[in-house]
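Since the structure comes first, as structure tokens, the remarks are kept for the end.
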Amino acid sequence: MNTETLEQPITLHQRAAHANDAERWSVDAIEALLNLPFNDLLWQAQQVHRAHHDPNEVELATLLSVKTGGCPEDCGYCPQSVHYDTGVKAEKLMASGEVKQAAQAAKAAGATRFCMGAAWRAPKDRDIDAVAELVRTVKDVGLEACVTLGMLADGQAEKLKSAGLDYYNHNLDCAPDFYGEIISTRDYQDRLDTLDRVRGAGVKVCSGGIVGMGESRRQRAALIAQLANLPEVPDSVPINHLVKVEGTPLAEQPDLDPFEFVRMIAAARITMPKARVRLSAGRQQLGEAVQALCFLAGANSIFYGEKLLITGNPEVAGDRALMQRLGIRAHAGVPGVTAFG
Ligand code: SAM
Ligand code: DTB
Ligand code: SF4
């Protein structure tokens, strides 16, 4: 077990040892990483990144809200909660024809992964059957399929797996000791239980969190520790920057230093070397220079398309231009699918 507080930058050899340990990363060790001089942290992150990934390749994932608004949970950041007056109207689950069109457009634009989000606390079995149909639709188009539907009950992940689901996104969101300040309608263990069910069904786990909600650096370290010490390291790790939405309790949250966000990307990369680290919500606010630092720090996936679920995301043309300027290629994804670049 690793409990050292890293006064000195750790070596690649020490990192290899971490990877095999039952508890791979202590909060202290991750906090020490976050406390490193920025350039030292990025240097370490780049070494890990280059050892496990093509440093000039980024995955493009397109997001679609297939069931918008009216969610009974009270997540303090979320525009889709019924508890907050954000102007988002509740809608029914989208029909497969509409999803097919969106998936085809995403593929034509060069995306290889298609993520569908639903504003549910926990889907009912009949919801799962309907979403399974949407998963089949996306797979038929020739994209990787990911869904995020809230908490799952026994047997539901298996049904989604049979429909061809590749990834299930379910974020831990923040450190256990900060969770109660953000969400009161479910607890941390509920989230961990769903991740177990997803993994148990053989679906790849996509789990990460949000930065900039008023948490401390140590709490950011504790979130990374939770993710890196899951029974199996998540296959993909979205790091979202809080998008402040009017009407939510976090609307007036003071801005976080953007370098703290880059530090989180680097810490995710170092502690979860093989995972796809996803530079997720908040790219519009971060700007291009900070995004470039995130790629340098090991991010290798972005949401691609003008909209996230409710809020905005950079324009496709702008993202393509940014990638070209940085010499970054789009991940080719599933065999036979050609991405631009
Ligand atoms: N209802 C499901 C759930 O919560 O698991 C799925 C959809 S939910 C919108 C997916 C994730 O989006 C949340 O876990 C959170 O990490 C992220 N998210 C939601 N609102 C956000 C915001 N304003 N800024 C950044 N990330 C946000
Ligand atoms: C994730 O970690 N981020 C995405 C996806 N998983 C579903 C959602 C971001 C939502 C940002 C605010 C909004 O548009 O609702
Ligand atoms: Fe509901 Fe998910 Fe939004 Fe929380 S994050 S309010 S569970 S849609």
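Within region 112-134, if we keep just the residues that are more than 15 Å from ligand 1 (Cβ to nearest atom) and in a helix (DSSP H, G or I), the residue that is most open to solvent (accessible area, probe 1.4 Å) turns out to be ARG126.
Among the residues of region 135-151 satisfying the criterion of being of a type in the set (A, V, I, L, M), within 23 Å of GLN189 (Cα to Cα) and crowded, with 19+ Cβ neighbours inside 10 Å, which is farthest from ligand 1 (Cβ to nearest atom)? Across region 135-151, the extreme among qualifying residues is VAL147. Here ASP187, ASP154, ASP193 are screened, and the one residue that is within 20 Å of PRO234 (Cβ to Cβ), of a type in the set (Asp, Glu), in contact (Cβ under 8 Å) with a residue 40 or more places away in the chain and surrounded by fewer than 17 Cβ atoms within 10 Å (Cβ to Cβ) is ASP193. Taking region 261-294 as the range and being of a type in the set (Val, Ile, Thr) and under 15 Å from the mean Cα position of the chain (by Cα) as the test, the residues that pass are VAL262, ILE265, VAL277.
Taking the criterion of being within 11 Å of ligand 2 (Cβ to nearest atom) and out of contact with any Ser or Thr (no Cβ under 6 Å at 6 or more places or on another chain), the residues of region 251-284 that qualify are LEU279, SER280, ALA281, GLY282, ARG283, GLN284.
Only one residue in THR185, THR194 is in a helix (DSSP H, G or I), β-branched (Val, Ile, Thr) and in contact with a His (Cβ under 9 Å, 6 or more places away or on another chain). Which one? THR194 is the lone residue from the list that is in a helix (DSSP H, G or I), β-branched (Val, Ile, Thr) and in contact with a His (Cβ under 9 Å, 6 or more places away or on another chain). In region 157-170, the residue that is farthest from the chain's Cα centre (by Cα) out of those that are of a type outside the set (Ser, Thr, Tyr) and open to solvent by less than 20 Å² (accessible area, probe 1.4 Å) is ALA163. From the list GLY212, GLY164, GLY200, the one residue that fits, being within 30 Å of TYR84 (Cα to Cα) and either small (Gly, Ala, Ser) or more than 12 Å from ligand 2 (Cβ to nearest atom) (or both), is GLY212.
The values are calculated or read from the model by the stated rules, or taken from the named source; none is laboratory data. Since the structure is predicted, the reported quantities are computational estimates derived from the model, not experimental observations. Heads up, the Cβs are rebuilt from the backbone with ideal geometry, glycines too, and the neighbour counts pull from every protein chain shown. Please note that ligands, DNA and RNA were not included when accessible areas were found on the heavy atoms of the full protein model with its side chains. Shrake-Rupley method; radii C 1.70, N 1.55, O 1.52, S 1.80 Å.
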